[in-house]
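**Student:** One structure, as structure tokens, below. Some questions next.
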Amino acid sequence: MSKITIVGSGNIGFSLAKGLVKSGQYKAADITLTRRNIAALKQEADLGFGTSDQNAEAVSQADIVVLAILPQQLRKVMEEIQPVVRTNQIIVSVVSGVSCADVKTVLGGHSVVVRAMPNTAIAIGQSMTCIATDNATDEVVAQVEALFEAVGAVVVIQEDLMTSATALCACGIAFFLRAIRAASQGGVEIGFHAHDALKMAVQTAKGAADLLLQTQNHPEGEIDKVTSPKGCTIAGLNEMEHHGFSSAFIKGIKLSAKKAGGLYND
Ligand SMILES: NC(=O)C1=CN([C@@H]2O[C@H](COP(=O)(O)OP(=O)(O)OC[C@H]3O[C@@H](n4cnc5c(N)ncnc54)[C@H](OP(=O)(O)O)[C@@H]3O)[C@@H](O)[C@H]2O)C=CC1
Ligand SMILES: O=C(O)[C@@H]1CCC=N1
């Protein structure tokens, strides 16, 4: 079993750790979590994870190192672990806007680096994770794919699309969550209690996503089945479009992608 060290165990780092254990393929005892405020990892330690505030020591014991700190925190952390990084370790960076070349500039040209862009649904094994590398071998990429396939779906992409993947998949989960909240707020206005409205909106969103996943149909084809002529669905849908629904979504994704590309030097 590979030993994994997650450097920076905040929202995404700990979500990954939880998802890996939930998958049944990894044990908490094989995963070490680091952060500076180690007291905040007490609950994780109680769950059986290794915990540490000593990045270099934790990295030196790992087969796979996941960098999950903020882009602005990365340079300092890489300088700290650089002396102990070995060529037989895989460095997986989930840090937005930082290229494999940026990582190797600090860790050394021979380090083996793969970028991964998961989302927080990784905690329940439902991430959409994109993976890219500039020169890791197919065998290494397959190992990283296997790691993330334990916690969701994986697509291997070209590295120049990683900031786009960040916007569409990693930020994207927040966009869909906000859409669900908006639907539930509409539900309250038309008569449901908040709890019921949210439950109805969530299940309806899940049904929409599963329809597409299971039938592989295009969303517009499924929408056509809902919009009865002169009916209430097309009336609501067109009203949303008059107020810029699709346009707002597209513009948000484009801005997130632009922002994601510039985070390292922010
Ligand atoms: N959140 C998300 O959905 C996603 C985030 N990402 C990327 O993942 C990275 C982390 O994001 P996110 O989890 O949201 O951020 P968080 O702020 O939640 O987590 C960052 C963690 O890093 C720790 N940290 C900071 N400095 C150090 C250090 N020197 N040594 C060890 N640990 C340190 C912090 O803890 P402490 O302060 O105690 O040290 C904190 O727990 C970012 O680069 C982001 O772009 C990628 C995909 C999805
Ligand atoms: O908001 C952010 O910058 C990070 C990257 C993708 C998701 N969260």
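The values are calculated or read from the model by the stated rules, or taken from the named source; none is laboratory data. Predicted model only: the values in this text are computed from it and were never measured. So basically every Cβ, Gly included, is an ideal-geometry build from the backbone, and we count neighbours across all protein chains shown. These accessible areas exclude ligands, DNA and RNA; they are computed on the full protein's heavy atoms, side chains included. Shrake-Rupley method; radii C 1.70, N 1.55, O 1.52, S 1.80 Å.
**Student:** Would you please list the contacts, defined by Cβ atoms under 8 Å and residues six or more apart or on different chains, that run from a residue in the range 106-126 that is more than 15 Å from ligand 1 (Cβ to nearest atom) and open to solvent by less than 30 Å² (accessible area, probe 1.4 Å) to a residue that is of a type in the set (Lys, Arg) and modelled with pLDDT of 95 or more?
**Tutor:** 111/104; 125/22
**Student:** Shifting gears a bit: So, residue 133, is that one hydroxyl-bearing (Ser, Thr, Tyr) and more than 10 Å from ligand 1 (Cβ to nearest atom) or not? Full working, then the answer.
**Tutor:** Details: hydroxyl-bearing (Ser, Thr, Tyr): yes; more than 10 Å from ligand 1 (Cβ to nearest atom): yes.
The answer is yes for residue 133.
**Student:** Considering only residues that are in contact with a Lys or Arg (Cβ under 7 Å, 6 or more places away or on another chain), in a loop (DSSP other than H, G, I, E, B) and more than 12 Å from ligand 1 (Cβ to nearest atom), which ones fall in the range 2-36?
**Tutor:** Correct list: empty.
**Student:** Continuing with the same structure: Filter the range 37-74 down to residues that are assigned to a loop (DSSP other than H, G, I, E, B) and within 16 Å of residue 86 (Cβ to Cβ) and give me whichever is nearest to ligand 2 (Cβ to nearest atom). Show your work before the answer.
**Tutor:** Going through the range 37-74, the residues assigned to a loop (DSSP other than H, G, I, E, B) turn out to be 37, 47-49, 53-54, 61-63, 68-70.
Then keep just the ones that are within 16 Å of residue 86 (Cβ to Cβ); that gives 61-63.
Working: 61: 28, 62: 23, 63: 26 Å.
If we take residues in the range 37-74 being assigned to a loop (DSSP other than H, G, I, E, B) and within 16 Å of residue 86 (Cβ to Cβ), then 62 is nearest to ligand 2 (Cβ to nearest atom).
**Student:** Within 30 Å of residue 111 (Cα to Cα) and either open to solvent by less than 50 Å² (accessible area, probe 1.4 Å) or in contact (Cβ under 8 Å) with a residue 60 or more places away in the chain (or both): is that true of residue 137 in this structure? Don't jump to the end; show me each part of the working.
**Tutor:** On the way: within 30 Å of residue 111 (Cα to Cα): yes; either open to solvent by less than 50 Å² (accessible area, probe 1.4 Å) or in contact (Cβ under 8 Å) with a residue 60 or more places away in the chain (or both): no.
No; evaluated as a whole, the condition is false for this residue.
A quick yes/no check of all residues on (1) at pLDDT 95 or above; (2) crowded, with 21+ Cβ neighbours inside 10 Å; (3) more than 16 Å from ligand 2 (Cβ to nearest atom); (4) closer than 24 Å to residue 96 by Cβ:
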{"position": "11", "(1), (2), (3), (4)": "yes, no, no, yes"}
{"position": "17", "(1), (2), (3), (4)": "yes, yes, yes, yes"}
{"position": "30", "(1), (2), (3), (4)": "yes, no, yes, no"}
{"position": "35", "(1), (2), (3), (4)": "yes, yes, yes, yes"}
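**Student:** List pairs: first in the range 147-163 and within 25 Å of residue 26 (Cβ to Cβ), second of a type in the set (D, E, K, R), Cβ under 7 Å, 6+ apart or cross-chain?
**Tutor:** Correct list of pairs: 154/145; 156/145; 162/115.
**Student:** Evaluate the range 178-186: report whether one residue or more is modelled with pLDDT under 95, on the phi < 0 side of the Ramachandran plot and out of contact with any His (no Cβ under 7 Å at 6 or more places or on another chain).
**Tutor:** no
**Student:** Please enumerate the residues belonging to the range 1-41 that are over 15 Å from residue 151 (Cα atoms), touching a helix residue (DSSP H, G or I) at 6+ places or on another chain (Cβ under 6 Å) and polar (S, T, N, Q).
**Tutor:** 5, 32, 34
**Student:** Then there is this: Which of the following residues is at pLDDT 95 or above, closer than 22 Å to residue 167 by Cα and surrounded by fewer than 13 Cβ atoms within 10 Å (Cβ to Cβ): 229, 219?
**Tutor:** Values: 229 fails: closer than 22 Å to residue 167 by Cα.
Going through 229, 219 in turn, the sole match is 219.
**Student:** From (1) surrounded by 13 or more Cβ atoms within 10 Å (Cβ to Cβ); (2) within 16 Å of ligand 1 (Cβ to nearest atom), pick out the condition that doesn't hold for residue 212.
**Tutor:** Failing condition for residue 212: (2).
**Student:** Would you mind stating whether residue 63 is at pLDDT 95 or above, acidic (Asp, Glu) and open to solvent by 30 Å² or more (accessible area, probe 1.4 Å)?
**Tutor:** Values: at pLDDT 95 or above: yes; acidic (Asp, Glu): yes; open to solvent by 30 Å² or more (accessible area, probe 1.4 Å): yes.
Answer is yes for this residue.
**Student:** Being assigned to a helix (DSSP H, G or I) and of a type in the set (Val, Ile, Thr) is the filter here, so list the residues in the range 151-202 that pass it. Outline the logic, then answer.
**Tutor:** At the first step, the residues of the range 151-202 found to be assigned to a helix (DSSP H, G or I) are 159-189, 194-202.
163, 166, 173, 180, 188, 202 - these are the residues of the range 151-202 that are assigned to a helix (DSSP H, G or I) and of a type in the set (Val, Ile, Thr).
**Student:** I would also like to ask the following. Suppose the filter is of a type in the set (Val, Ile, Thr), closer than 25 Å to residue 145 by Cα, surrounded by fewer than 23 Cβ atoms within 10 Å (Cβ to Cβ) and touching a residue at least 24 places away in the same chain (Cβ under 8 Å); does residue 84 pass it? Before the answer, list the steps.
**Tutor:** On the way: of a type in the set (Val, Ile, Thr): yes; closer than 25 Å to residue 145 by Cα: yes; surrounded by fewer than 23 Cβ atoms within 10 Å (Cβ to Cβ): yes; touching a residue at least 24 places away in the same chain (Cβ under 8 Å): yes.
Yes.
**Student:** Scan the range 104-122 for residues that are over 16 Å from residue 68 (Cβ atoms) and either touching a Cys at 6+ places or on another chain (Cβ under 7 Å) or not in a helix (DSSP H, G or I) (or both) and jot them down.
**Tutor:** Answer for the range 104-122, where residues must be over 16 Å from residue 68 (Cβ atoms) and either touching a Cys at 6+ places or on another chain (Cβ under 7 Å) or not in a helix (DSSP H, G or I) (or both): 108, 109, 110, 111, 112.
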